[in-house]
Amino acid sequence: MSNVSSAPSPQDEHTRQQVDLIRSFLVTVQHFFGGFGHMFRLVKDPRHPAYITYSLPAMLAAGVLMFLLRLGARRQVGFMLRRNDPSSAKFKALFGTETCPHGDSMNETYKRLEVTEVQETVTQMVEALIRKKVLYRYRLFDRYFLVVVDGTGVLTFSERHCSQCLTMTRNGHTIYYHPVLEAKLVTASGMVFSLMTEFIENPGEHPTKQDCELKAFYRLAKRLKQRFPRLPLCLLLDGLFAGGPTFSLCKQYGWKYIIVLQEDDLPYVQEQFAALLDFFPENHLRFHPAGQYKTVQEFHWVNDIEYVDSKHNEHKLSVVRCLETKPDPKTGELKTTCFKWITNLTVKITNVIELANQGGRLRWKIENEGFNVQKNGGYGLEHIYSHHPVSAKVFYLLLQIAHTIAQLIQYGSLFRKAFPVGVGSAKNLAWRLLEAWRNVRLSSPQIRHMLDTRVRISFKPP
């Protein structure tokens with residue numbers, strides 16, 4: 001009688017996949033950031049030791065998990081994580097607590113935290129990825145880390161929420177809102193990591209002038225330079241920032257920039273570009289992107305355009321234009337789109353393709369892979385997790401941490417090896433991780449073995 005090994009049952013395979021998902025999550029956090037305890041080590045606990053049930057790392061990790069699993073609201077933490085034995089067992093193994101903290105307890109704790117300390121956690125996570133050279137392959141010209149700066153609305157109220165609310169009038173009604181300005185490090189592979197946040201808010205209830213993106217940009221730029229004084233950065237900006245103050249600031253800080261140039265921006269520079277094009281016929285390149293045989297890109301550029309701003313500061317600028325012709329996805333007919341950028345990089349025939357396609361074109365990733373995913377991909381960026389101004393900011397920053405971890409899982413080799421064909425969308429990954437977190441029972445020794453085993457996590461090239 002021959003020995004024929006039976007194939008694993010579907011139930012065994014399903015359990016293996018769930019364990020692999022949990023391993024991808026926990027090991028990713030451990031591998032890159034030293035675990036939740038080390039990640040949140042700089043956030044001071046303001047609570048009296050005699051009244052502490054849950055450690056501060058457990059409190060903050062619960063918030064991260066709420067966003068990572070796309071629970072959508074604080075109360076869901078109670079329904080989905082606290083009242084579930086496998087989930088409670090994992091919190092006990094990781095933090096020594098009987099179960100997950102209650103959503104209201106998280107909110108009360110977050111009210112008393114220093115926002116700057118939580119912000120430093122967000123920044124240190126990206127710094128760790130840079131230090132470990134995870135992001136080196138995604139640099140522009142093998143030198144510059146690409147940072148997109150852009151703003152978005154977060155919270156909106158029909159009545160004044162706090163003294164720092166911004167206001168706008170729409171259809172005769174006053175709206176109170178809280179926007180943010182984000183500096184996100186972007187990669188050509190699709191990853192978008194929050195590097196630093198500047199909250200746009202008024203200094204009091206009746207300010208003479210409202211805060212705005214430009215004012216927030218100058219504050220954010222100063223913080224960014226102080227935090228990363230020697231990091232070679234190239235800022236990707238929209239037309240709002242096309243002007244002398246930005247040019248001067250980037251020169252002062254030693255930064256490069258690629259700014260979207262709309263037709264109404266900087267008329268003098270536009271005129272000079274159009275007038276000088278014919279004098280530099282060699283500044284032209286026709287390019288067919290790989291795998292897009294029907295797409296044609298026509299590049300033209302002019303360097304050293306002289307521009308004097310309103311404060312009489314002189315600047316030398318380069319302008320790049322890309323005319324991209326490709327089939328319209330709806331009609332199939334060829335359609336030409338014009339992209340134009342202004343930069344302080346010297347444009348050459350050897351670098352114009354990378355500058356445009358791996359530089360200027362990546363600015364939209366903060367909208368798609370950044371804000372859009374966080375608003376419509378289950379993170380609930382516009383949901384009011386707390387009415388308290390400090391707690392609301394902490395929740396926002398924990399969302400950024402969760403988004404960073406989710407991307408590292410999705411693009412990392414641990415997950416890709418366990419799921420060679422993927423699991424569909426990033427939202428599907430979150431749902432399956434939630435299912436695994438609530439259903440797979442793992443003992444403390446099993447989790448400790450996961451975390452103690454040395455691994456190598458790699459990422460696909462751009």
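If each of Glu306 and Phe157 carries a label point 7 Å out from its Cα toward its Cβ, how far apart are those two points in nm?
The two pseudo-label positions are separated by 5.3 nm.
Roughly how many percent of the accessible protein surface of segment 86-226 is carbon and sulfur, given a 1.4 Å probe and a whole-percent answer?
Carbon and sulfur: 46 percent of the exposed surface of segment 86-226.
Which order do you get for Asp278, Asp85, Asp309 if you rank them by accessible area with a 1.4 Å probe, largest at the top?
Numbers: Asp278 135, Asp85 105, Asp309 15 Å².
Putting Asp278, Asp85, Asp309 in descending order of accessible area: Asp278, Asp85, Asp309.
In degrees between 0 and 90, to the nearest 10, how far off the longest principal axis of the chain does helix 56-68 point, with axes built from Cα atoms?
On a 0 to 90 degree scale, this one is about 70.
Under 22 Å between C-alpha atoms is the cut-off here; go through segment 308-372 and count lysine pairs that meet it, provided they're at least eight residues apart or on different chains.
Numbers: Lys316/Lys340; Lys316/Lys348; Lys326/Lys335; Lys326/Lys340; Lys326/Lys365; Lys340/Lys348; Lys340/Lys365.
Step by step, the pairs that qualify in segment 308-372 add up to 7.
Find how many whole Å separate the alpha carbon centroid of segment 305-345 from the alpha carbon centroid of segment 411-462.
Their Cα centres are 42 Å away from one another.
Can you spot the aspartates and glutamates whose alpha carbon is less than 13 Å from Lys133's alpha carbon? Ignore those fewer than 8 places along the same chain.
Correct list for Lys133: Asp142.
Residues in segment 217-244 near a label at Glu367, defined as backbone nitrogen under 20 Å from the 7 Å Cα→Cβ point?
217, 235-243
Skip the ligands, DNA and RNA, and give the accessible area per residue of segment 1-148 with a 1.4 Å probe, whole Å².
Details: 6990 Å² over 148 residues.
Per residue, segment 1-148 has 47 Å² of solvent-accessible surface.
Any idea how far apart Lys92 and Ser189 come out in nm if each label point goes 7 Å out from Cα toward Cβ?
3.8
Around Pro232, with a cut-off of 9 angstrom between Cβ atoms, what is the net charge of the other residues, counting Lys and Arg +1 and Asp and Glu -1?
Numbers: positive: Arg139, Arg143, Arg230, Lys256; negative: none.
Charge balance near Pro232 sits at +4.
Going by the alpha-carbon gyration tensor, a ≥ b ≥ c the square roots of its eigenvalues, is segment 118-276 rounded (a/c under 1.5) or, if a/c is not under 1.5, prolate (a/b greater than b/c) versus oblate? Walk me through the intermediate numbers first.
On the way: a/c = 2.12, a/b = 1.26, b/c = 1.68.
Oblate.
Figure the gain on full extension for Ile175 and Lys222 (residue separation times 0.36 nm, minus the Cα-Cα span) and round it to one decimal in nm. Write down the numbers at each step before the final one.
Details: separation 47, 0.36 × 47 = 16.92 nm, distance 3.01 nm.
Additional length available on full extension: 13.9 nm.
Assuming 0.36 nm per residue, please report the length gained on full extension of the stretch Tyr51 to Asp12 beyond their Cα-Cα distance.
Numbers: separation 39, 0.36 × 39 = 14.04 nm, distance 4.32 nm.
So the extension gain works out to 9.7 nm.
First measure r as the distance between the Cβ atoms of Arg441 and Tyr136, then evaluate 1/(1 + (r/R0)^6) with R0 = 51 Å and state the FRET efficiency to the nearest 0.05. Working shown, then result.
Values: r = 40 Å, r/R0 = 0.78.
For Arg441 and Tyr136, the calculated efficiency is 0.80.
Which order do Trp431, Trp364 take when ranked by solvent-accessible area (1.4 Å probe, heavy atoms of all protein chains), largest first? The partial results should precede the final answer.
Values: Trp431 135, Trp364 110 Å².
Largest accessible area first, the list is Trp431, Trp364.
Output the peptides 310-319, 256-265 sorted from most to least packed, where packing is the average of other Cβ atoms within 10 Å over each peptide's residues.
Values: 310-319: 14.5, 256-265: 18.9.
Descending packing order for the listed peptides: 256-265, 310-319.
Can you find, among Leu408, Ser88, His387, the residue sitting farthest towards the positive end of the charge dipole of the chain, where Lys and Arg contribute +1 and Asp and Glu -1 at Cβ?
Ser88
For n ≥ 4 DSSP H runs only, could you compute -39500 (n - 2.57) per run for the chain, divide by its residues and tell me the 222 nm figure to the nearest 500? Before the final figure, lay out the partial values.
On the way: 15 runs with 175 residues, N = 462.
Computed mean residue ellipticity for the chain: -11500 deg cm²/dmol.
With the Cα gyration tensor of segment 352-446 giving a ≥ b ≥ c as the square roots of its eigenvalues, does the rule (a/c under 1.5 for rounded; else a/b larger than b/c for prolate; else oblate) give rounded, prolate or oblate?
Numbers: a/c = 2.33, a/b = 1.16, b/c = 2.01.
Oblate.
Output the pairs from Lys44/Lys209; Lys215/Lys375; Lys132/Lys460; Lys132/Lys225; Lys215/Lys393 with a Cα-Cα distance over 26 Å in this structure; if there are none, say none. List each step's numbers first, then the result.
Values: Lys44/Lys209 34 Å; Lys215/Lys375 24 Å; Lys132/Lys460 16 Å; Lys132/Lys225 21 Å; Lys215/Lys393 19 Å.
Violating the 26 Å limit, Cα to Cα: Lys44/Lys209.
Just to be sure I understand the model, the point goes 7 Å from the Cα along the line to the Cβ. What's the resulting Glu298 to Tyr253 distance in nm?
My value for the distance between the label points is 3.7 nm.
Could you tell me which of rounded, prolate or oblate describes segment 59-152, using a ≥ b ≥ c as the square roots of the eigenvalues of the alpha-carbon gyration tensor, with rounded for a/c under 1.5 and, failing that, prolate when a/b is larger than b/c and oblate otherwise? Display every interim value, and only then the final one.
Details: a/c = 2.50, a/b = 2.03, b/c = 1.23.
Prolate, since a/c reaches 1.5 and a/b exceeds b/c.
Given the peptides 437-445, 234-242, 342-350, 106-114, arrange them by the average over their residues of other C-beta atoms within 10 Å, most packed first. Don't jump to the answer; show the numbers that get you there.
On the way: 437-445: 15.2, 234-242: 21.6, 342-350: 16.9, 106-114: 19.1.
Ranking the peptides 437-445, 234-242, 342-350, 106-114 by packing returns 234-242, 106-114, 342-350, 437-445.
Can you tell which of Ile130, Leu140, Val154 lies farthest toward the positive end of the dipole of the chain, using +1 and -1 charges on the Cβ of basic and acidic side chains (Lys, Arg; Asp, Glu)?
Sorting the options by dipole projection puts first Ile130.
Please state the charge dipole magnitude for segment 314-394, taken about the Cα centre, from unit charges on C-beta atoms (+1 on K and R, -1 on D and E), reported in debye and rounded to the nearest 20. Don't skip to the end; give the middle numbers.
Numbers: 12 positive and 8 negative charges, 32 e Å.
My answer is approximately 160 debye.
Which value, to two decimals, describes the C-alpha radius of gyration of segment 257-414 once divided by 2.2 N^0.38 Å? Let's see the in-between values first.
Numbers: Rg = 20.5 Å, N = 158, 2.2 N^0.38 = 15.1 Å.
So segment 257-414 has a normalised radius of gyration of 1.36.
Please work out how much accessible surface Ile457 shows to a 1.4 Å probe, ignoring ligands, DNA and RNA, in Å² rounded to 10.
Answer for Ile457: close to 20 Å² accessible.
Compute the acute angle (0 to 90°) between the alpha-carbon long axis of helix 426-439 and the principal axis of greatest extent of the alpha-carbon atoms of the chain; round to the nearest 10°.
Approximately 10 degrees, to the nearest ten.
For segment 328-373, what is the convex hull volume of its Cα atoms per residue in Å³? Don't skip to the end; give the middle numbers.
On the way: hull volume 5.0 nm³, N = 46.
Dividing the Cα hull volume of segment 328-373 by its residues yields 109 Å³.
Rounding to the nearest 10 and keeping the result within 0 to 90°, find how far the Cα-based axis of helix 115-131 lies from the longest principal axis of the chain.
Tilt of helix 115-131: around 80 degrees.
Please give the charge dipole size of the chain, origin at the Cα centre, charges +1 on K and R Cβ atoms and -1 on D and E Cβ atoms. Round to the nearest 20 debye. Don't jump to the answer; show the numbers that get you there.
Values: 58 positive and 42 negative charges, 336 e Å.
So the magnitude is around 1620 debye.
Which percent of Cα pairs goes in each bin when the distances of the chain are cut into 10 angstrom slices starting at zero?
4, 18, 27, 24, 16, 8, 3, 1, 0, 0
The values are calculated or read from the model by the stated rules, or taken from the named source; none is laboratory data. Bear in mind the structure is a predicted one, so any value in this text is a computation, not a measurement. No Cβ is skipped: glycine too gets one built from the backbone with ideal geometry, and neighbour counts run over all protein chains shown. What goes into the accessible areas is simple: the full protein's heavy atoms, side chains included, and nothing from ligands, DNA or RNA. Shrake-Rupley method; radii C 1.70, N 1.55, O 1.52, S 1.80 Å.
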